Amino acid sequence: MERQHQLLSQIATNDRHGENSPYFDGWKAYDNNPFHPTNNPDGVIQMGLAENQLSADLIVDWIKKHPEASICTPEGVHMFKDIASFQDYHGLPEFRQAIAKFMGRVRGGRVTFDPDRIVMGGGATGANELIMFCLADPGDAFLVPSPYYPAFYRDLGWRTGVQIVPVDCDSSNNFQITKAALEAAYDKARQDGINVKGLIVTNPSNPLGTTLDRETLKCLLSFINEKNIHIVCDEIYAATIFSSSNFISISEVVEEIVDCNRDLVHIVSSLSKDMGLPGFRVGIVYSYNDAVVNCGRKMSSFGLVSSQTQYLLASMLSDEEFLENFLAVSSKRIEKRHSVFTKGLEQIGISCLESNAGVYVWMNLRHLLQEQTNDGEMALWRVIINDVKLNVSPSSSFHCVEPGWFRVCFANMDDETLEVALKRIHAFVGERKERETLSAKTKCWKKNLRLSFSSRIFEEGIGSPIAMSPHSPLVRARN
């Protein structure tokens, strides 16, 4: 092994990928024993993968109705040569225009996006890494409010050498980001000799499923302008809002602040969650900084979206009627699934952080921990993985300061599988309550037995013949 390390690069041999964590261990447990309703009904159910599969049927229907959108059909093959040979890393003009319009629509049409600022990356992973390469050098750091996406260690730092400095948030204010927490993390990093280049936030939040309000976004912009550092707003769940409140993008607030330095503001978008197309690997960097756009475009040649994919999506995203219906139906389906799952948990006394977006819940199992520590959390997580056979992600994976929270994904399965998962959770909690009740009764019986014995001795008299035999150890001790 040591010889192999000598032959390979530091990137190839370091452990900054983050794969050795419970977050990825849960995936491995699922891969080794995947649930199937008939072939493997006792297998592990995958609830650690944040995919939106609830509206795939709408996209399938659209594709069937528009075979000309694909260069691999008789109706669209006449475009094969042009599209197959296209390799400009700016991207197809019609694709960038469609993406810009889509981003504006998802944000309520209250802001417009310039197609010439659209930079492609290989999914949100590639887009996040690309922006890090543009903004920071190895050893530099970005502040990240916790709890945060576990794979940020891989996306932001594995190949770039960028560090993550957590901004600790807790449940006392529902994990909201505060100016005090930002200042504390920034000052501590500077005292440790770390060069802070920026702040990255997810809005909507992964894993919380909450959104940032206008005042918080203004606070974040004020903070980064004061420090003259960048802000990267990861908005890849923007179209998963399912409550009546509107999603407020950082782009909207930028327009309202006159003295904001726009060169410091960057957005990451994607179609992986909004449209449920993670396999298409469509990641987008949108920057207000001309130099970042120019540099990012050059770097995007390492992670381009295939021209065939661009061509198909340009057609799909330009269909206004389809898009309006898709976004409305998708939101309703996410809301319904969220309601079914959270109500099922409430029936057995399990609560979740109140949320309005995302395809997951932040489930509170602190009351089930044997001890309020990370070790206590991991012990419970192992039971859930190995015995209950559910892959849920523990809060320690998200660098949460409070053990006992778990992210549980609910949109990557059908209704029947979700029902099985809820039944398993109900059975697990029910068995624990039975054991606790039995344990409490046993303790109570032992306590009553001791009290009864003590009372009998007191009533009959310590020195009475009945209470004390001549052969009693106490009698012998007195003699």
Problem set entry | Qualifying residues in segment 331-364 (those that are part of a loop (DSSP other than H, G, I, E, B) and farther than 24 Å from Asp234 by Cα) - the one most open to solvent (accessible area, probe 1.4 Å) | Gln347
For this session: Among the residues of segment 34-50, write down those that are out of contact with any helix residue (DSSP H, G or I) (no Cβ under 6 Å at 6 or more places or on another chain) and either closer than 25 Å to Ala124 by Cα or surrounded by 14 or more Cβ atoms within 10 Å (Cβ to Cβ) (or both).
Result: Pro34, Phe35, Gly43, Met47, Leu49, Ala50
Exercise. Among the residues of segment 89-134, how many are open to solvent by less than 10 Å² (accessible area, probe 1.4 Å), assigned to a helix (DSSP H, G or I) and closer than 22 Å to Cys295 by Cβ?
Worked result: 9
Seminar exercise, completed: The helices (runs of 4 or more DSSP H) lying entirely within segment 1-55 that contain at least 1 residues which are touching a Gly at 6+ places or on another chain (Cβ under 7 Å) are 22-32
For this session: Being among the β-branched types (Val, Ile, Thr) and crowded, with 20+ Cβ neighbours inside 10 Å is the filter; apply it to segment 255-275 and report the residue that is farthest from the chain's Cα centre (by Cα).
Result: Val265
Problem set entry | Enumeration of residues in segment 129-169 that are among the small types (Gly, Ala, Ser) and in contact (Cβ under 8 Å) with a residue 40 or more places away in the chain | Ala136, Gly139, Ala141, Ser146, Ala151, Gly157
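The values are calculated or read from the model by the stated rules, or taken from the named source; none is laboratory data. All of these numbers come straight from a predicted model, not from anything done at the bench. A quick note on method: Cβ atoms are made from the backbone with ideal geometry, for glycine too, and the neighbour counts reach across all protein chains shown. Surface accessibility is based on the protein's heavy atoms, side chains included, excluding ligands, DNA and RNA. Shrake-Rupley method; radii C 1.70, N 1.55, O 1.52, S 1.80 Å.
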